[in-house]
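Worksheet: the structure to be examined is printed underneath.
The values are calculated or read from the model by the stated rules, or taken from the named source; none is laboratory data. The structure presented is a predicted model; accordingly, all values stated were derived computationally and were not measured. Counting neighbours? That spans all protein chains shown, and the Cβs are built from the backbone with ideal geometry, glycine included. What goes into the accessible areas is simple: the full protein's heavy atoms, side chains included, and nothing from ligands, DNA or RNA. Shrake-Rupley method; radii C 1.70, N 1.55, O 1.52, S 1.80 Å.
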Amino acid sequence: MHVTVWNENRHEKKNPAVAEIYPNGIHGTIAALLEEKGFITSTATLDEPEHGLSDDVLEKTDVLVWWGHLAHEEVSDEVVEKVHQRVLKGMGLVVLHSGHFSKIFKKLMGTSCDLKWREADEKERLWVVDPSHPIAEGVDQFIELEKEEMYGEHFDIPTPDQLVFVSWFEGGEVFRSGCTYQRGNGKIFYFRPGHESYPTYHNSEIQKVIANGVKFVQPVERDYPVYGNAQPLETISEKSK
């Protein structure tokens, strides 16, 4: 299975503190952890031609992992449409943290995907609310992060097909932090943690969830449905017309 990790790679260039936490970029960190778990990985970033997501790259990508924040509007509509079509035809998509506001996630959800947020170094406790789900495999009752950005309800998304994690923050808010969807032949997993100024993606439990999520959304071998005008399967007699 080939995984492409996409990242804006803007915070790492603009903020020395972020570059110190992720010297190889958020994309590099995630790609490395997935490679350690046996996946074939590559990376793509916003400022590459076609944002690093050429037809060739997308064609060989089984699962696309997406992290974005500062520059959602700089992602071209043409690339978004290509990614959208690939998801409908079976490519898996894992959307992380502020990728909730990306063009591709909003297009797939059909809603604003808006929410409450606050940066206040708050503890986050991600509760497993579906312990039988494959994405929660190997995870205890909850994952605790000492500091994270708060995301709070209401989260303007469609009702998830499956809800795997719900977060609680010490300021009192809760949030649907692990949600799965199916669109066409493709599966989607949204996972909330990962603010750029915290070392969240170095946490082994978070890494485990991301790897589980990638496995969960991997393509299933099936033909894409036939649409449009179709010839009858059976002979239609003149009498039955």
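Per-structure values
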| quantity | calculated |
| --- | --- |
| Residue-by-residue Karplus 3J(HN,Hα) for segment 190-206, coefficients 6.51, -1.76, 1.60, Hz, glycine and proline x | 9, 10, 6, x, x, 4, 5, 8, 10, x, 4, 7, 8, 6, 5, 6, 5 |
| 5 angstrom amide H check on residue 65, placed H, neighbours 5+ away | 4, 5, 6, 94 |
| Listed residue pairs exceeding 25 Å between alpha carbons, taken from 60/107; 37/107; 107/187; 14/147; 60/215; 14/107 | 37/107; 14/107 |
| Accessible surface of the chain [probe 1.4 Å, protein heavy atoms]: carbon and sulfur percent | 48 percent |
| Accessible area (Å², per residue) of segment 105-164, counting only protein heavy atoms and a probe of 1.4 Å | 53 Å² |
| Residues with amide H under 5 Å from that of residue 186, placed H, sequence gap 5 or more | 90 |
| DSSP-defined beta bridges in the chain - what % are antiparallel, rounded to 5 | 55 percent |
| Value of relative contact order over segment 68-149, rounded to a whole percent, pairs C-alpha under 8 Å and six or more apart | 26 percent |
| Pairwise Cα inverse-distance average, inverted: Kirkwood Rh of the chain (Å) | 18.7 Å |
| Normalised contact order of segment 135-183, rounded percent, pairs of Cα under 8 Å and 6 or more residues apart | 34 percent |
| Virtual spin-label span in nm between residue 74 and residue 14, 7 Å along Cα→Cβ | 0.8 nm |
| Segment 1-143 - percent relative contact order, Cα under 8 Å, separation 6 or more | 21 percent |
| Span from the segment 160-220 Cα centroid across to the segment 44-83 one, whole angstrom | 20 Å |
| Within the chain, helix-based [θ] at 222 nm, where runs of 4 or more DSSP H residues each add -39,500 (n - 2.57), nearest 500 | -7000 deg cm²/dmol |
| GluC sites (Glu not before Pro) within segment 176-236: DSSP coil, no more than 13 neighbouring Cβ in 10 Å | 221, 234 |
